[in-house]
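Remarks on the structure that follows.
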Amino acid sequence: MTAPLPPTSELQVTMLRRMLLIRRFEEKTAEAYALGKIGGFCHLYIGQEAVAVGSLSALRDDDYAISSYREHGQALVRGVPPGAVMAELFGKATGCSKGKGGSMHLFDAGRRFMGGHGIVGGHIPLAAGIAFAVKYQGGDQVCVCFFGEAAVNIGAFHEALNMASVWKLPVIFVCENNRYGMGTAFERVAAVTDVVEHACSYDMAAEMVDGMNVLTVYEATRRAVERARKGGHPTLLEVRTYRYMGHSMSDPLHGVYRTKDEVEEQKKKDPITQLAEKLKEEKVIDQSALDAMDGEIHAVVEAAVKFADDSPDPDPAELYADVLAD
Amino acid sequence: MPTLTYRDALNQALREEMQRDPSVFLMGEEVGVYQGAYKVSRGLLEEFGAQRVVDTPIAELGFAGIGVGAAMAGLRPVIEFMTWNFALLALDQIINSAAKMLFMSGGQLRMPIVFRGPNGAALQLSSQHSQAWESWLAHIPGLKVVAPATPADAKGLLKSAIRDNNPVIVLEGEMLYNLKGEVPEGEHIVPIGRADVKREGTDVTLICHSKTVAVALKAADQLAEQNVSAEVVDLRSLRPMDEAAILASVAKTNRAVVVEEGWPHVGIGAQVVDIIQRDAFDQLDAPVQRVTQADVPMPYNKHLERAAKASPEKVAAAARRVLYLE
C-alpha cells in the first residue's frame, strides 16, 4: 500500500506509537546493558527516533531498508518483533540473527531489513547494490539506507552515490546528521558541513530535513520514494537530528566533546513530545490515550525482555553453522 | 576436444553461465565496451547487453559493495577486478560484507557472488602490480578460493564458482591468459575443493597451484633427467584445501616441496606444511621445503625480477635437497 501524503491522523498516531516504542525499548536496553545482559558495543537511538519512524513509515512492506550499527530503532519500525531484537541483543538463539550478530548486526530478510552493518559507511554501496537488483529484476521497490554524518567522509559514500546517480538506482540515502562522529564534531573534520551539498557532485536530488520533526522526515522521504519508484532517481536526505546518549554504552552521556547544556537544549525539541503535543492540540488524542499507549508499550518492552531472558543460548554446534551455505 | 586459451575458457564459462541463468551478471572496469582489460569478457556485451555486462567507474570498493548488495537481493554477480592488486581497495567489502553476511545474519542471507581477476606477478610491472594475494584471501572463513592452472580447470572452476551459493574468489594467473589447452565443450564442472595430480611420480611431491603448476612441471622434467620421479599435485582450490590429496601423495613419496608465487611469511605453503606435519609426520623422510617469491617487493629490473620469482631450477634444487641429493 502506498503511504499517504500528507500523512493521515491515523498514520500520525502510528508514528507516535513507533517512536515511543523505540524510546522505551532503548531505555530498557540501557538498563539491560548495565545489568550485564548485553555485551560488546551497543549504540542507542534515543533522540533520533523521528528519523527511522518518519522515513520507514513512508515505505511499503516490500521495500528494503539497510542501516549501520545504530539500528535497533529501524529494525523495530520494519516490524522485527521487539522480542527477537532484544533476544539478539542478549545473544540468544531466538534473536533475529540467532544470537550471532548482536546489537550491530540485526537482520530480518523476510521483512527486508537487510542488516545492521558495523563498518562506518561500508553498507552504503550495499544499498546501491540492492537498488541495482531491484532495477535489474524490473521491480518498483526502493531501498532506504541510513548512515551517520561521519560516514560522509568515507570513500564508500562517494563511490556509491556516484554509481547510484549514473545508473539511476532507486535508493534513498538518509544521512542522520547527529553532529558527532563518536566524539568528533562534524565541523572539525568536514570541509563541507552541509551534507546535502554533496548531492551536487553527483547530480542528485537532495533535501535538508528537520530530523526532530517526524512529519517533515516522512514527507521528504515520501517525495524521495516517488522519485525513486518513477524513474529510479536516487535522493540524498540530510536529516538533522541529535542523540541524547553517548556514542555507545561505553561513552558517557555528554562526555568531553559537548556540554550538558547542549544536550538539554536539544531535548527541548524532542520528537516524541513535539508530535504528542501536536496531536493533543488537534484533539486527535488526549493525555489519557497517550498514557494508555505508553502503558501498552511498557508491557510490550517488558515482554520482550522476558522473552529474551527466557530464551536459550545458541546450541554449541551453532558455532560452525552458517559459515558457508549449501 | 577443442583447444582454447585460458582466457577463452574463462570467456566460455561466463557465456554459458549467463545463458543458463538470467540472474548472473558481470560488473567491473572495462568489461563491456572495451571487451575486458585482458579480453576475458570479449563479446559478452554484444550478446547480453549493458544491463548484464556493466562497465563501472574506477571504484573497486564501491562496485564490489554494489555486487554484495545485489547478491543480498537475489542476483548472482560476477565482479571482475582489473587485477587483484586493485582489489585491495575492496577488501572491506569482500571480508567484512561478503564473507560474513550469512553468518552474522544467522543464516538468512546467502552470498552467491564471484570476485575474479588476474593475480600474481606478470613481467616487469614492479612492486604494486606484481603480487599474489591468495594467502590473504584464503585466511578468511566464509570465502572459497580457487586458483586454476589450466584452461580446462579455469572453465570448470569458474562455472562451479558462479553456481556456488557462497562468495568465491577466482584467482586467474595473469601470465596464464594465453596458455592453450584442451577444454571440454559445454557442461564441464570442476568441483571446488579438489586437487588434481598433474603428473604422477614416486620420489617427491611438488605441491603447487596456478602459475607455479607450469613451474613444477618443468622442474619435474629436469628431475626426470636425473632419474628423480616427481609427482605434481595442483591444489586448484586453496579454501577449502584438498588435504586428502596432499596426504595421499606424501604417503606415496615421503617427501614434499611446496611452490607458490606469494611471499614466504605466512604463505599458502605454510598451511600445506602444517597439514603434512600434523597428519603425515611419520611418513616424512625429510623436512618439507618451500619455494616462494623472495621476501621482497617485486623489482622492475628483469634480472632482479627473475631472481625474485619461483623457477623450475629453484624447485628442482629444493626437490634434490629433500632427497638429500645435494
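The values are calculated or read from the model by the stated rules, or taken from the named source; none is laboratory data. All of these numbers come straight from a predicted model, not from anything done at the bench. Note that we place each Cβ from the backbone using ideal geometry, even for glycine, and neighbour counts take in every protein chain shown.
For B:L304, the criteria (1) part of a helix (DSSP H, G or I); (2) within 22 Å of B:A220 (Cα to Cα) hold in every case but one, which is (2). Applying the criterion of at least 3 residues that are in contact with a Pro (Cβ under 8 Å, 6 or more places away or on another chain) and either at negative phi or small (G, A, S) (or both) to the helices (runs of 4 or more DSSP H) found wholly in region A:168-277 leaves A:214-231. For beta carbons closer than 8 Å, sequence separation of 6+ or different chains, a first residue in region A:312-326 that is touching a residue at least 24 places away in the same chain (Cβ under 8 Å) and facing another protein chain (nearest Cβ under 10 Å) and a second that is of a type in the set (K, R) and surrounded by 10 or more Cβ atoms within 10 Å (Cβ to Cβ), the qualifying pairs are A:P314/A:K92; A:P314/A:K98; A:P314/A:K100; A:E318/A:K98; A:E318/A:K100; A:D322/A:K98; A:D322/A:K100.
For B:L102, the conditions (1) buried (at least 19 other Cβ atoms within 10 Å of the Cβ); (2) part of a helix (DSSP H, G or I); (3) facing chain A (nearest Cβ under 10 Å); (4) touching a helix residue (DSSP H, G or I) at 6+ places or on another chain (Cβ under 7 Å) are fulfilled apart from (4). So A:S288 passes all but one of these: (1) within 25 Å of A:A32 (Cβ to Cβ); (2) polar (S, T, N, Q); (3) away from every other protein chain (no Cβ under 14 Å). Which condition number does it fail? So the condition that A:S288 fails would be (1).
Results for (1) outside any helix (DSSP H, G or I); (2) surrounded by 24 or more Cβ atoms within 10 Å (Cβ to Cβ), shown as yes or no for each residue.
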| position | (1), (2) |
| --- | --- |
| B:N227 | yes, no |
| B:V232 | yes, yes |
| B:A245 | no, no |
| B:A248 | no, no |
| B:A251 | no, no |
| B:R278 | no, no |
| B:P287 | yes, no |
| B:V296 | yes, no |
| B:P299 | yes, no |
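Within region A:81-105, the residues that satisfy the criterion of being at the interface with chain B (Cβ under 9 Å from one of its Cβ atoms) and within 29 Å of A:L169 (Cβ to Cβ) are A:C96, A:S97, A:G101, A:M104, A:H105. Being modelled with pLDDT of 95 or more and either under 30 Å from A:L35 (Cα atoms) or over 19 Å from the mean Cα position of the chain (by Cα) (or both) is the requirement here; does A:L237 meet it? It is false that A:L237 is modelled with pLDDT of 95 or more and either under 30 Å from A:L35 (Cα atoms) or over 19 Å from the mean Cα position of the chain (by Cα) (or both).
Of everything in region A:168-191 that's free of Cβ contacts under 8 Å to residues at least 40 places away in the same chain and over 20 Å from the mean Cα position of the chain (by Cα), which residue is surrounded by the most Cβ atoms within 10 Å (Cβ to Cβ)? Checking each candidate, the answer is A:V189. Restricting region B:137-172 to residues that are β-branched (V, I, T) and under 22 Å from B:P184 (Cβ atoms) leaves a set whose member that is nearest to the other protein chains (Cβ to nearest Cβ) is B:V168. Residue check: A:D194 meets all listed conditions (1) surrounded by 19 or more Cβ atoms within 10 Å (Cβ to Cβ); (2) more than 7 Å from chain B (Cβ to nearest Cβ); (3) farther than 24 Å from A:G231 by Cβ but one, namely (1). Going through region B:105-125 one residue at a time, which ones are more than 11 Å from chain A (Cβ to nearest Cβ) and under 21 Å from B:E17 (Cβ atoms)? Hits for region B:105-125 are B:V114, B:F115, B:R116, B:G117, B:P118, B:N119. The numbered conditions (1) over 25 Å from A:T8 (Cα atoms); (2) in a helix (DSSP H, G or I); (3) touching a residue at least 12 places away in the same chain (Cβ under 8 Å); (4) more than 14 Å from chain B (Cβ to nearest Cβ) are all true for A:H158 except (4).
Going through region A:3-57 one residue at a time, which ones are basic (K, R), under 21 Å from A:Y244 (Cα atoms) and either in contact with a Phe, Trp or Tyr (Cβ under 9 Å, 6 or more places away or on another chain) or assigned to a loop (DSSP other than H, G, I, E, B) (or both)? Within region A:3-57, just A:R23 meets the criteria. Residue count for region B:56-98 under the criterion of being more than 7 Å from every other protein chain (Cβ to nearest Cβ), surrounded by fewer than 24 Cβ atoms within 10 Å (Cβ to Cβ) and aliphatic (A, V, I, L, M): the result is 6. Could we say that A:V144 is at pLDDT 95 or above, more than 9 Å from every other protein chain (Cβ to nearest Cβ) and crowded, with 24+ Cβ neighbours inside 10 Å here? Yes.
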